[in-house]
Amino acid sequence: MPMFNEYKQLIAEASRRVYQLANKTDLDYAPQLSEIYDNRIWLKREDRQPVFSYKIRGAYNMMASLAEVLRDTGVLAASAGNHAQGVALAAQKLDIAATIVMPKTTPEIKVTSVRRLQAKVILHGNNYDDARDYALERASAQGLTYIPPYDHPLIIAGQATVGVEILEQHAGPDIIFVPVGGGGLIAGLAAHVKSVKPSIRIVAVEPDEAPCLYRAMAAGERVALEHIGVFADGAAVKQVGEENFRLCRELIDEVLLVNVDEICAAVKDIFEDSRAIPEPAGALALAGLKQYVSREQIRGQELVAVFSGANVNFDRLRHIAELAALGEQREALLCITIPERPGSFRILCHDLGPRLITEFNYRYSDSRQAHVFVGIRLKKGLQEKQGLLESLKARGYEVLDMSDNEVAKMHIRYMVGGSSQIDDELLYRFEFPERSGALLYFLTAMSDRWNISLFHYRNHGAAYGRVLLGIQVPDKDREEFQLFLDGLGMEYLDEKENPAYRMFLG
């Protein structure tokens, strides 16, 4: 593998080659974000590439470097979407036959885009790693050239042209925030930026449900994650690339983790400043930037966030919009206990003050007290929420903040129906790959040995379906039931002690 200095030549060659297909994208000033966060914030607009993602750079750089004999036999790639589109467009430009293996959970917009570019698509597995393993087998068996999404010097050098452009477009940013999946973009960008201006901080940003680089940096070696979430499907990778990690451990300054709510808030921020809609992975860098500014309390600095892609299914926007208010601390979800007597609701509304109520859910449970599930719009974020909590407690209310409770956010707010006296009820939250027939498959997998006492499922365009399930299992059957759960092959969490369940449904 090339050493750091050798990347200078690779990046110089990539800079001459990639613009046969890729665009030089704008570095746009974000006036609203800059005003809110008291720094000068810039967005590197990789959503303006022909395939709406930076991935075209690395894919074309490698494929244009192939010898004619390798072009003639064809190429094969594995991708959750953006790399697939880059390979497909590059293959169309270079007249190379391309086959792309994509996870079954890939957003339909990405699958359709690849097919429109005349590449052959094979849907296999539930995540990128499943697709990659299958693709490597096929490439070996059929004698095709495998085009990796990130772990190759030519891919890294192609992505490095993002960093080349940033330094051409800005005299000297203080910090560049870069999204991370397998590490191709940040490895290339850091290799160039640190060689030209080593004082610039390079901050990696990953989803907290797929922290492959974060874990690797902490361990000092690459770590294979057992389970990853795929909300930010473009960055859902179990293990950072080998060459990418070698570069990153020497060149980057920090790795930040952001949660789903923070990502959704960043999607909204980018839309409000640019009227462009990023995919979740495309908003990672800005989510990390906001977290960093809040933590370090920096002011007046030049900050760049790489807006890496905009391939998002339209029906996912509903889910993103719902979580954005929580992610930017503009909504609070509270459980408030009030006396079960006439006038209690009126008094509570008075005590909440002239705030916008986003939802108000209640059903009678007993004659002594009532648990009310309330959504409240906040104007001043966390500070206002803390003041509201203290004010309500001072008035004698029992209050529980459920703004970060996954069961409350994903399920309870849509199904508050009163508690129930059901014997032997257990409660589990399941996740399974979201595709046609997935719910039927889930229900078929559930045994009819035990009675289902509660069920909530909601499709909001995410890559994974989420089910909240109550099931009656007598004590004598618990061991058998546990064996049954473990044999399902699905991710699940025991939520019997979750306060949202205990207060509203238990």
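The set of residues in segment 358-384 that are under 33 Å from the mean Cα position of the chain (by Cα), at pLDDT 80 or above and assigned to a strand (DSSP E or B) comprises HIS371, VAL372, PHE373, VAL374, GLY375, ILE376, ARG377. Among the candidates ILE186, ILE176, the residue that is at pLDDT 95 or above, in a helix (DSSP H, G or I) and of a type outside the set (Ser, Thr, Tyr) is uniquely ILE186.
Anything in segment 1-17 that is closer than 18 Å to VAL178 by Cβ and either out of contact with any His (no Cβ under 8 Å at 6 or more places or on another chain) or surrounded by fewer than 20 Cβ atoms within 10 Å (Cβ to Cβ) (or both)? List them, or say none. Full working, then the answer.
Initial filter on segment 1-17 (closer than 18 Å to VAL178 by Cβ): 4, 7, 11, 14.
Once the filter is applied, which keeps residues that are closer than 18 Å to VAL178 by Cβ and either out of contact with any His (no Cβ under 8 Å at 6 or more places or on another chain) or surrounded by fewer than 20 Cβ atoms within 10 Å (Cβ to Cβ) (or both), segment 1-17 yields PHE4, ALA14.
One line per residue, one yes/no per condition, for (1) in the same structural domain as SER308 (by TED's automatic domain parsing); (2) without any contact (Cβ under 8 Å) to a residue 60 or more places away in the chain; (3) of a type outside the set (Gly, Ala, Ser):
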position	(1), (2), (3)
VAL193	yes, yes, yes
VAL196	yes, yes, yes
ILE202	yes, yes, yes
PRO211	yes, yes, yes
GLY229	yes, no, no
PHE245	yes, no, yes
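Checked against (1) touching a Lys or Arg at 6+ places or on another chain (Cβ under 8 Å); (2) under 25 Å from PRO148 (Cα atoms), GLY241 meets all criteria but (1). Does segment 136-161 hold any residues that are over 18 Å from ALA64 (Cα atoms) and part of a helix (DSSP H, G or I), and which are they? Once the filter is applied, which keeps residues that are over 18 Å from ALA64 (Cα atoms) and part of a helix (DSSP H, G or I), segment 136-161 yields LEU136, GLU137, ARG138, ALA139, SER140, ALA141, GLN142. ASP253 meets each of the listed conditions (1) over 20 Å from VAL162 (Cβ atoms); (2) in contact with a strand residue (DSSP E or B) (Cβ under 9 Å, 6 or more places away or on another chain); (3) of a type outside the set (A, V, I, L, M, F, W, C) apart from (1).
Residues that are touching a residue at least 40 places away in the same chain (Cβ under 8 Å) and not small (Gly, Ala, Ser) within segment 50-70 comprise VAL51, PHE52, TYR54, LYS55, ARG57, TYR60, ASN61, MET62, MET63, LEU66, LEU70, listed in sequence order. For THR145, the stated conditions hold: it is surrounded by fewer than 24 Cβ atoms within 10 Å (Cβ to Cβ) and either in the same structural domain as ALA283 (by TED's automatic domain parsing) or over 22 Å from the mean Cα position of the chain (by Cα) (or both).
Tell me the residue from ARG48, ARG16 that is under 25 Å from ILE109 (Cβ atoms) and out of contact with any Lys or Arg (no Cβ under 7 Å at 6 or more places or on another chain), please. Show your work before the answer.
Numbers: ARG16 fails: under 25 Å from ILE109 (Cβ atoms).
The match here is ARG48.
The numbered conditions (1) out of contact with any helix residue (DSSP H, G or I) (no Cβ under 7 Å at 6 or more places or on another chain); (2) outside the structural domain of LEU257 (by TED's automatic domain parsing) are all true for GLU168 except (2). Could you please let me know if ALA12 is more than 30 Å from GLY381 (Cα to Cα) and among the hydrophobic types (A, V, I, L, M, F, W, C)? So ALA12 fits the description; yes. Where helices (runs of 4 or more DSSP H) fall wholly inside segment 248-337, the ranges with 2 or more residues that are in contact with a helix residue (DSSP H, G or I) (Cβ under 7 Å, 6 or more places away or on another chain) and among the acidic types (Asp, Glu) are 260-274. Residues in segment 306-361 that are among the charged types (D, E, K, R), surrounded by fewer than 17 Cβ atoms within 10 Å (Cβ to Cβ) and in contact with a strand residue (DSSP E or B) (Cβ under 7 Å, 6 or more places away or on another chain): GLU340, ARG355, GLU359.
Exactly one residue out of ILE122, ILE202 is surrounded by fewer than 19 Cβ atoms within 10 Å (Cβ to Cβ), outside any helix (DSSP H, G or I) and aliphatic (A, V, I, L, M), and it is ILE122.
Can you find, within segment 67-104, the residue that is modelled with the highest pLDDT among those that are crowded, with 24+ Cβ neighbours inside 10 Å and part of a loop (DSSP other than H, G, I, E, B)? Residue satisfying both the conditions and the ranking: SER79.
For segment 57-66, what are the residues that are out of contact with any Leu (no Cβ under 6 Å at 6 or more places or on another chain) and in a loop (DSSP other than H, G, I, E, B)? Answer for segment 57-66, where residues must be out of contact with any Leu (no Cβ under 6 Å at 6 or more places or on another chain) and in a loop (DSSP other than H, G, I, E, B): just LEU66.
In segment 318-349, the residue that is farthest from GLY396 (Cα to Cα) out of those that are of a type in the set (Gly, Ala, Ser) and over 18 Å from the mean Cα position of the chain (by Cα) is ALA332.
Given the criterion touching a Lys or Arg at 6+ places or on another chain (Cβ under 8 Å) and farther than 25 Å from GLU406 by Cβ, identify the matching residue among GLY375, GLY300, GLY353. Walk me through how you get there before you give the answer.
On the way: GLY375 fails: farther than 25 Å from GLU406 by Cβ; GLY353 fails: touching a Lys or Arg at 6+ places or on another chain (Cβ under 8 Å).
Step by step, each of GLY375, GLY300, GLY353 is checked, and only GLY300 is touching a Lys or Arg at 6+ places or on another chain (Cβ under 8 Å) and farther than 25 Å from GLU406 by Cβ.
The values are calculated or read from the model by the stated rules, or taken from the named source; none is laboratory data. What you are looking at is a predicted structure, and each value in this text was computed from that prediction instead of being measured. Don't worry about glycine lacking a Cβ; one is built from the backbone with ideal geometry, like all the others, and counts go over all protein chains shown.
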